[in-house]
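Note sheet for the following structure.
The values are calculated or read from the model by the stated rules, or taken from the named source; none is laboratory data. What you are looking at is a predicted structure, and each value in this text was computed from that prediction instead of being measured. Backbone-built Cβ (ideal geometry, glycine too); neighbour counts: all protein chains shown. These accessible areas exclude ligands, DNA and RNA; they are computed on the full protein's heavy atoms, side chains included. Shrake-Rupley method; radii C 1.70, N 1.55, O 1.52, S 1.80 Å.
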Amino acid sequence: MAPGLREAKKQRTRKALIEAALLLFDEHGYEATTTAAIAAAAGVSPATFFNYFAGKEDVVFADQHLYDEILAGAFAAAPADEPVAELVFRTLGALATADAWSFPLDHPLTAVRTRLIASVPALRAGFLLRNAFVADSWARLLREARPELGEIEAATITGAVIGGLQAALQANVDEHGRARRPEPEVVAEALRLVVHGFGQNA
């Protein structure tokens, strides 16, 4: 098989495993779902599952490695004189609309993932840890793009954005684990609220 076809097949298998896992988590619960069940639903062997993921938690956070790449691309495309507030808006827009994600922001399985993180303590803890690494990367890239910002300013801006989005998405989940409003709408509103507080100098 040609390298390009082999890579395409690997991506299809990976996406099938993610889709199968999220559907099973949603139907049967995270704890009750086994990796063997995920593999069977995706039409692969349990051994194949572990070729792609170390465990169930890694499937939920399957796209985590993409953040640095997408953030770096967004900052590289930033005009030198772009105000910080506009840079933050555009960067988050790049994250929200990137084609690299397994599923777009408005996909039903994205909402499933949000519900899981909000309701499963182990996933919530993993999410907080991973978000800390994203915040560090974002603050570093922001300082590189805008050297006039100090470490505290960059960390505060990125922390406020990430924390605000996390809080808004979790608040959007009702007592039945369903989204009250479409996630893209909630993300846009949360970002407007957070960035508005940066002040006139942003």
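Within region 60-76, can you find the residues that are of a type in the set (A, V, I, L, M, F, W, C) and surrounded by 15 or more Cβ atoms within 10 Å (Cβ to Cβ)?
Result: Val60, Phe61, Ala62, Ile70, Leu71, Ala74, Phe75.
Scanning for something closer than 27 Å to Arg14 by Cβ, outside any loop (DSSP other than H, G, I, E, B) and in contact with a strand residue (DSSP E or B) (Cβ under 9 Å, 6 or more places away or on another chain), does region 134-141 turn up at least one residue?
Taking every residue of region 134-141 in turn, none turns out to be closer than 27 Å to Arg14 by Cβ, outside any loop (DSSP other than H, G, I, E, B) and in contact with a strand residue (DSSP E or B) (Cβ under 9 Å, 6 or more places away or on another chain).
When you check Thr114 against the structure, is it under 18 Å from Ala168 (Cβ atoms) and outside any loop (DSSP other than H, G, I, E, B), yes or no?
In short, yes.
Since Ile152 meets every condition but one in (1) under 30 Å from Phe25 (Cβ atoms); (2) modelled with pLDDT of 90 or more, which condition does it not meet?
(1)
With in contact (Cβ under 8 Å) with a residue 40 or more places away in the chain, touching a Leu at 6+ places or on another chain (Cβ under 8 Å) and either in a loop (DSSP other than H, G, I, E, B) or open to solvent by 30 Å² or more (accessible area, probe 1.4 Å) (or both) as the only criterion, which of Glu57, Glu31 stands out?
Going through Glu57, Glu31 in turn, the sole match is Glu57.
Quick check, is Arg178 basic (Lys, Arg), in contact (Cβ under 8 Å) with a residue 12 or more places away in the chain and open to solvent by 30 Å² or more (accessible area, probe 1.4 Å)?
yes
Within region 94-109, take every residue that is surrounded by fewer than 17 Cβ atoms within 10 Å (Cβ to Cβ) and over 20 Å from Ala179 (Cβ atoms) and give me the one that is modelled with the lowest pLDDT.
Checking each candidate, the answer is Ala100.
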